[in-house]
């Protein structure tokens with residue numbers, strides 16, 4: 001049986017996987033724009049908890065990014081609907 005906590009975890013896991021797919025689809029085309037980082041902007045605003053999970057996954061030793069930051073457009077005082085992830089070498 002699935003309870004409310006399990007349901008929230010399941011939805012969050014699906015959201016994290018969707019974010020990763022969006023990033024992976026764009027990240028290769030962004031390499032080389034900056035010397036020390038790669039910036040990827042994806043459509044949609046996601047919870048800080050989900051973005052933190054994504055950041056943790058990309059900074060795993062087997063993946064290799066030294067640091068990943070994230071910010072949604074509404075946190076920047078801009079029109080909502082976008083999220084930027086910055087990947088540092």
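What follows draws every value from the coordinates through simple rules; no lab data is involved. Predicted model, so just to flag it, every value in this text is computed and none were measured.
Quick notes on this structure:
- With Cα atoms, 0 to 90° folded angle of helix 4-30 axis to the chain main axis: 20
- Using the alpha-carbon positions of the stretch 13-89, Rg (one decimal) and Dmax (whole number) come out as 11.8, 35 Å.
- Compared with the dominant Cα axis of the chain, that is its longest principal axis, helix 48-58 is turned about 60°.
- The slack in the chain from residue 43 to residue 57, taken as 0.36 nm per residue of separation less the alpha-carbon distance, amounts to 3.1 nm.
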